[in-house]
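The values are calculated or read from the model by the stated rules, or taken from the named source; none is laboratory data. On a predicted model such as this, the values are computed, not experimentally measured, just so you know. Heads up, the Cβs are rebuilt from the backbone with ideal geometry, glycines too, and the neighbour counts pull from every protein chain shown.
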Amino acid sequence: MKSREIRSKITDQAKLELSIEKIEVKKPVGSEVLIKMQASPINPSDIGLLIASANPTTLKKIRGAYPKVAMDIDKSHLSFFAKRLNKSLAVGNEGAGKVVDAGKDSKHLIGKIVSVSGGSTFSQYKCTDSFNCIEMKKGITSKKASSAFINPLTALGMVETCKIEGHGAIIHTAAASSLGQMLVKICNEDKIDLINIVRRENQVKLLESIGAKYILNSSSPDFMRDLIKAILKTGATIAFDATGGGQLTDQILTAMEFATSALEQDSPISVQGYSPYGSSAYKQVYIYGGLDPSPITLNKAYGMNWSAGGWLLFPFLTALSQERLEALRERVKKNIDTTFKSTYKKTIGLEDVLNPKYMKEYLKTGTGNKYLINPQVKNIKK
């Protein structure tokens with residue numbers, strides 16, 4: 001079977017090429033399923049592979065058998081992309097559609113709507129092992145099921161990490177995002193204190209409307225004071241930072257140190273109330289996004305018992321037991337239309353992804369601006 005899909009390639013001539021090409025999709029065998037893809041979100045994680053660091057204002061159409069465009073990349077960035085130079089890569093981390101064929105072990109899924117992960121979802125058809133799919137409840141459409149992996153399992157993974165590592169409360173940045181809103185609901189359900197950091201006042205109102213208790217505006221002159229007060233109330237010693245640049249990671253660690261040191265001075269086990277190594281509380285910031293491309297600044301005013309590092313969803317999931325992973329997936333399936341509900345600004349077709357008109361819009365990552373692709377549609381009606 002032939003399928004049209006979006007491909008991204010960076011050439012050694014400092015060009016990024018986006019194209020829609022026809023590929024051969026194999027017939028499913030064993031536990032594999034063939035999915036007619038009907039909805040796939042453009043996540044921030046997709047944009048990194050799709051557009052890389054290309055300049056959309058340099059976009060030019062390339063004549064050929066298939067739709068194709070090219071954009072310039074700063075030559076100084078080529079070393080960063082060395083492993084993908086001159087390679088045509090399929091794009092799309094997740095999506096949903098109807099199972100139209102299956103191997104002998106997955107026949108029961110034929111006709112069912114499933115959410116799927118594992119790449120190549122900006123495609124009309126995808127053949128994959130059924131393990132990479134979540135079968136949806138009756139009545140759930142592909143649009144509702146399309147974002148069942150990345151955001152839901154990331155939010156659940158953050159809560160799991162908090163529990164596994166023995167922390168009592170969580171700090172989350174860029175908290176008004178779709179993922180952030182899911183995390184608010186999960187923490188309310190699981191009775192875990194959550195400190196939400198946003199950048200605008202209207203985002204404070206949004207999170208208040210869904211039951212968030214601690215909401216801080218990082219642009220406020222009182223931000224650090226308010227953050228310390230929230231940590232004193234909650235005891236939060238773990239944070240998940242979506243910005244990945246600038247001073248926010250440093251500010252969070254500093255506030256954690258100030259709050260935990262104050263708490264230790266009031267503790268009966270405190271000795272003299274001071275240590276050159278800082279508080280004994282372990283402070284952890286996980287960086288899981290890169291909204292801020294600038295370097296991370298760490299002033300190290302938080303003793304020695306701290307860590308800042310990366311957190312990735314799929315390595316975390318592979319470390320879980322099969323039983324625990326299935327429990328998380330089942331929770332997503334059960335609550336896909338409530339806790340894990342996603343909304344989209346617009347649905348576009350495959351060729352629209354290459355259209356500078358829509359590219360300009362879907363590259364504006366932010367609250368309420370997520371775009372959805374219907375791979376079965378060439379382009380939306382003008």
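Consider Lys75 carefully, then state whether it is assigned by TED's automatic domain parsing to the domain that holds Thr141, farther than 26 Å from Lys2 by Cα, surrounded by fewer than 12 Cβ atoms within 10 Å (Cβ to Cβ) and out of contact with any helix residue (DSSP H, G or I) (no Cβ under 6 Å at 6 or more places or on another chain).
So Lys75 passes the test.
Which one of these is of a type in the set (S, T, N, Q) and under 18 Å from the mean Cα position of the chain (by Cα): Ser79, Ser120, Ser130?
Ser120
Let's see how each residue does on (1) of a type in the set (A, V, I, L, M); (2) farther than 24 Å from Pro44 by Cα; (3) touching a residue at least 24 places away in the same chain (Cβ under 8 Å); (4) not assigned by TED's automatic domain parsing to the domain that holds Ala308:
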position: Leu206; (1), (2), (3), (4): yes, no, yes, no
position: Ile215; (1), (2), (3), (4): yes, no, yes, no
position: Ser218; (1), (2), (3), (4): no, no, yes, no
position: Met224; (1), (2), (3), (4): yes, yes, yes, no
position: Leu232; (1), (2), (3), (4): yes, yes, yes, no
position: Gly235; (1), (2), (3), (4): no, yes, yes, no
position: Ala239; (1), (2), (3), (4): yes, no, yes, no
position: Thr243; (1), (2), (3), (4): no, no, yes, no
position: Thr249; (1), (2), (3), (4): no, no, yes, no
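What pairs can you find where one residue is in region 305-333 and under 18 Å from Cys133 (Cβ atoms), the other is of a type in the set (Asp, Glu), and their Cβ atoms are less than 8 Å apart, with a gap of 6+ or different chains?
Correct list of pairs: Leu320/Glu160; Leu328/Glu160; Lys333/Glu135.
Any residue that is of a type in the set (D, E, K, R) and buried (at least 16 other Cβ atoms within 10 Å of the Cβ) - is there at least one of those in region 208-224?
yes
Only one residue in Lys357, Lys378, Lys333, Lys370 is at negative phi, at pLDDT below 95 and surrounded by 17 or more Cβ atoms within 10 Å (Cβ to Cβ). Which one?
Lys370
For Asn299, work out the one condition from (1) at pLDDT 95 or above; (2) more than 24 Å from Glu189 (Cα to Cα); (3) in contact with a Ser or Thr (Cβ under 9 Å, 6 or more places away or on another chain); (4) not aliphatic (A, V, I, L, M) it doesn't fulfil.
(1)
Where residues in region 229-249 are surrounded by fewer than 19 Cβ atoms within 10 Å (Cβ to Cβ) and under 22 Å from the mean Cα position of the chain (by Cα), which of them is farthest from Thr297 (Cα to Cα)?
If we take residues in region 229-249 being surrounded by fewer than 19 Cβ atoms within 10 Å (Cβ to Cβ) and under 22 Å from the mean Cα position of the chain (by Cα), then Gly245 is farthest from Thr297 (Cα to Cα).
Residues are listed down the side, and each one gets a yes or a no for (1) surrounded by 12 or more Cβ atoms within 10 Å (Cβ to Cβ); (2) under 23 Å from the mean Cα position of the chain (by Cα):
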| residue | (1), (2) |
| --- | --- |
| Gln13 | yes, no |
| Lys27 | no, no |
| Ile51 | yes, yes |
| Arg84 | yes, yes |
| Glu94 | yes, yes |
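Kindly state which strands (runs of 3 or more DSSP E) lie completely within region 179-244 and contain at least 3 residues that are at pLDDT 95 or above and under 25 Å from Gly310 (Cβ atoms).
193-198, 238-241
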